[in-house]
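*Asks:* My questions all concern the structure below.
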Amino acid sequence: MIRDGHLGVAEVFGIMFIIVGTKAFLSFPQSLALDGHGAAWLILIISGLLALAALKLLYYLRRPFQDIGFPGIVDLTLGPYLGVALNVLFATQIIFLVALRLRHYADAVITAFLPETPISVVAGCLAAGIAYLAYSGLETIGRTALFFLPWILGGILLIILGVANWYEPAALFPLLGPGPGQLLYQGVLRASTAFEILVFFLIMPLTQLTRKAADSYRAAVTGLVTVFLALTVVQVTYAMTFPYPLGSNESLPLLRMARAIYWGRLFQHLEPIFLFVWVFSAITDLSASLYAASRVTAGGLKLPVYRPLIFPLILLAFALSFLPPTQPMAFYWDAEMLGSYGIIPAFVIPAAILALARWRKLPGKTGEAPSGEAPSG
């Protein structure tokens, strides 16, 4: 019988940071600049506070069900038929996210480094790495995330410091950008920035994610706070380096910042470092999401194991990644379908189900296997 072990708090923190922090490598800073102008960093502050409140509420609602993953809670609350349907829809949302992000990363690698390479080749290589890491299990994903986390943070820090000679602090004014109403509205919508953290926190039995449920919650909170602070620093740096409206036209902001580094003839053109950070963070990020999708599907369908689902699901994500006809359309789908409304499947629906389960005083234990596998004994 295949089983995943427990993670340490550090590994959980690494996963939580990477699955959200990698948004900085794509068009996320550019889309924020488009909505918030020079005050886009305030949108992140608002959305981070809302996401933190959502995480706290989900933890409170989940406390009686610490030994049960979200598929089991749905099944207990809604019954076997409606529960299966909702779990499959939940997994479909995650797979669609994996597909769009896979397309983003493949397009970005081709645009920046391999313009003559077919997109199917780049996406296929990324998909193979994602599937292998997801198949290796939760412990391997956690250790990989923890290993690459210093390199990712170091690469981002190098880019931030490298463009310091281009900073224009005046670009941050006016402080409220397009106005407080617009900033608040966008902050509420952007609370779905933490979609992956909320989903990962939901699907796992808290006592399997770490040995103690409180440790799982503490790691999730620390990861969420840290990643939003990091994204805020990146956004402020980007706004000062490429002031609005120039910053709203760069599809790959961090890559553009890396190319802008110039500290003399011997310290310029650091894109190769960016590529290293980019590829490994993408594989770690999407392997965690693929793992989550396989867990939800296996738990919802009551399958004895989840690993055989990984390869069909990554093939499905690979095929779906080519649905957007162009790179801008892929970014638009991500921003509209997952960005604007992602808070509904990540928080609103789960919170309603958990509240119903507590109101009905359902038991906090179930025969559901902790990792989508047949229960022992």
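The values are calculated or read from the model by the stated rules, or taken from the named source; none is laboratory data. Computed from a predicted structure; not experimentally measured. Note that each Cβ is placed from the backbone with ideal geometry, even for glycine, and that neighbours are counted across all protein chains shown.
*Asks:* May I ask you to list the residues in region 70-92 that are among the polar types (S, T, N, Q) and either farther than 14 Å from Ala351 by Cα or not in a helix (DSSP H, G or I) (or both)?
*Replies:* Selection gives Asn87, Thr92.
*Asks:* Could I ask something else about it? With the requirement that a residue be surrounded by fewer than 24 Cβ atoms within 10 Å (Cβ to Cβ) and touching a helix residue (DSSP H, G or I) at 6+ places or on another chain (Cβ under 6 Å), what does region 73-87 give you? Quick ask: steps written out before the conclusion?
*Replies:* Our first condition is that a residue be surrounded by fewer than 24 Cβ atoms within 10 Å (Cβ to Cβ); within region 73-87, this holds for 75-86.
Those that are surrounded by fewer than 24 Cβ atoms within 10 Å (Cβ to Cβ) and touching a helix residue (DSSP H, G or I) at 6+ places or on another chain (Cβ under 6 Å): Asp75, Thr77, Gly83, Val84, Leu86.
*Asks:* I would also like to ask the following. Among all residue pairs at least 6 apart or on different chains, which show Cβ distances below 6 Å where the first residue, located in region 154-168, is in a helix (DSSP H, G or I) and the second is of a type outside the set (A, V, I, L, M, F, W, C)?
*Replies:* Filtered contacts from region 154-168: Ile160/Thr237; Trp166/Thr241.
*Asks:* Looking at (1) within 23 Å of the chain's Cα centre (by Cα); (2) in contact (Cβ under 8 Å) with a residue 40 or more places away in the chain; (3) surrounded by 15 or more Cβ atoms within 10 Å (Cβ to Cβ), which one does Cys125 not meet, given that it meets all the others?
*Replies:* It fails just one condition, (2).
*Asks:* Let me ask you something else. I'm trying to understand the selection: among the residues of region 23-53, which are over 20 Å from Met240 (Cα atoms) and crowded, with 24+ Cβ neighbours inside 10 Å?
*Replies:* Residue satisfying the conditions is Ala51 alone.
*Asks:* A further question on this structure: Being among the charged types (D, E, K, R) and touching a Ser or Thr at 6+ places or on another chain (Cβ under 9 Å) is the filter; apply it to region 183-217 and report the residue that is modelled with the lowest pLDDT.
*Replies:* Across region 183-217, the extreme among qualifying residues is Glu196.
*Asks:* Next up: Among the residues of region 243-277, write down those that are within 30 Å of Pro174 (Cα to Cα) and either part of a strand (DSSP E or B) or in contact with a strand residue (DSSP E or B) (Cβ under 7 Å, 6 or more places away or on another chain) (or both).
*Replies:* Once the filter is applied, which keeps residues that are within 30 Å of Pro174 (Cα to Cα) and either part of a strand (DSSP E or B) or in contact with a strand residue (DSSP E or B) (Cβ under 7 Å, 6 or more places away or on another chain) (or both), region 243-277 yields Ile261, Tyr262.
*Asks:* Go through region 128-152 and count every residue that is of a type in the set (Gly, Ala, Ser), crowded, with 19+ Cβ neighbours inside 10 Å and over 15 Å from Val98 (Cα atoms).
*Replies:* 2
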